[in-house]
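Working notes for the structure below.
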Amino acid sequence: MKSPLLSLPGAVPAEGVDEGVAAHYGELFREQRALADGTGFVDLSHRGVVSVTGSDRLAWLHLLITQHVSELPAGRATEALILSANGHIEHHLSLVDDGETTWAHVEPGTQDALIAYLESMKFFYRVEVADRTDEFAVVHLPAGSIAPVPEGAVVRETAYGRDLFVPRADLETFAAAHGPAAGLLAYEALRVEAHRPRLGFETDHRTIPHELGWIGSAVHLQKGCYRGQETVARVQNLGKPPRRLVFLHLDGSEVHLPAAGTPLHLASEGAEGRKLGFVTTAVRHHELGPIALGLIKRNVPLDAGLVAGDTAAAQEAVVEP
């Protein structure tokens, strides 16, 4: 779904899964600095929007997702996962309940599969699940923003800023009142800086929550049964995940950033050595320079120097070995 904000001056469209919104508006580092300073907004209108209504909505969701939401207060933001039977991550939901409806925004294009799964699990519960992507758009106000929230907008407030669900028809009006716009590359740079994983970027078909540090923030360990809970409990109580998320400082002399999927090797062995993991997201940060997130084998020493392809990379632990 193409955002009308691509008509703003300087807008350069994003590609791949983020197609439909602006990657940037011509000044990447200025846009990053604006967000870091708490000004401007980010167009996330390409993300899927799903709503759940009905008197049983929270009790029902509580049975299906990894988060404790049966008594979720109105207005409190949370996040949750849906796992496979083997505990692998299938969906990530950014949630808030407004007292009558539970709202979630999800990765672009994943809402159909999510809704199909939820519909299959309704049984006798009094709930209605709906795809609201055509009606509502997600926009992000950064942490520290004092911009007014449009009347009636559903707000999901986190430590990283506020996600607003606004009528899609009001996007251009919102932009005029809340500019300047910052592109998705600026938003992603701050996400990587904050070590925040993203479904489909830091995950693959076998990722479990422990590998990304989602235990606690998206997975509640003291709640009842849900699909995949056995894997979560077993790894939590008896073992360690096979991989761990790392933050990487990349060699700033390189012209090109390593692409997602670029293999990680020990610097002492070079690109011909054993593959220890791979880069998941690489960005250019306005202060830190080129940085990235990656997944590596759990037993790689914390002080080991790495190379991402031909680019030197110093690691910081996000998930401890």
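The values are calculated or read from the model by the stated rules, or taken from the named source; none is laboratory data. Being a predicted model, the structure only gives us computed values, none of them experimental. Note that we place each Cβ from the backbone using ideal geometry, even for glycine, and neighbour counts take in every protein chain shown. Surface areas here come from the heavy atoms of the whole protein model, side chains and all, with no ligands, DNA or RNA. Shrake-Rupley method; radii C 1.70, N 1.55, O 1.52, S 1.80 Å.
Points to keep in mind about this one:
- From the C-alpha gyration tensor of the range 113-228, square roots of 5λ in Å: 29, 22, 14
- Remark: the E128-T158 segment gains 8.2 nm on full extension, using 0.36 nm per residue and subtracting the alpha carbon distance.
- Taking 0.36 nm per residue of sequence separation and removing the Cα-Cα distance, the K240/L64 pair yields an extension gain of 60.9 nm.
- Charged side chains reduced to their Cβ positions (Lys and Arg at +1, Asp and Glu at -1) give the chain a dipole of some 900 debye around its Cα centre.
- Remark: spin-label model distance K223-R76 equals 1.1 nm, labels positioned 7 Å along the Cα→Cβ axis.
- Rg(Cα)/(2.2 N^0.38 Å) for the range 8-165, N = residue count: 1.10
- Dimensions in Å of the chain - Rg and Dmax from alpha carbons: 20.0, 60
- Carbon + sulfur, % of accessible area of the chain - ligands and nucleic acids excluded, 1.4 Å: 52
- Order by protection proxy (mean Cβ within 10 Å, highest first), peptides 301-310, 106-115, 57-66: 57-66, 106-115, 301-310
- Computed 3J(HN,Hα) for the range 216-222, one whole-Hz value per residue from the Karplus formula 6.51 cos²θ - 1.76 cosθ + 1.60 where θ = phi - 60°, is x, 6, 10, 10, 9, 8, 10, glycine and proline marked x.
- Using a probe of 1.4 angstrom and keeping all protein chains present, the accessible surface of the range 185-321 works out to 45 square angstrom per residue.
- Between amide H atoms placed 1.01 Å from N, distances below 5 Å from D251 occur with A312, all of them 5 or more places distant or on a separate chain.
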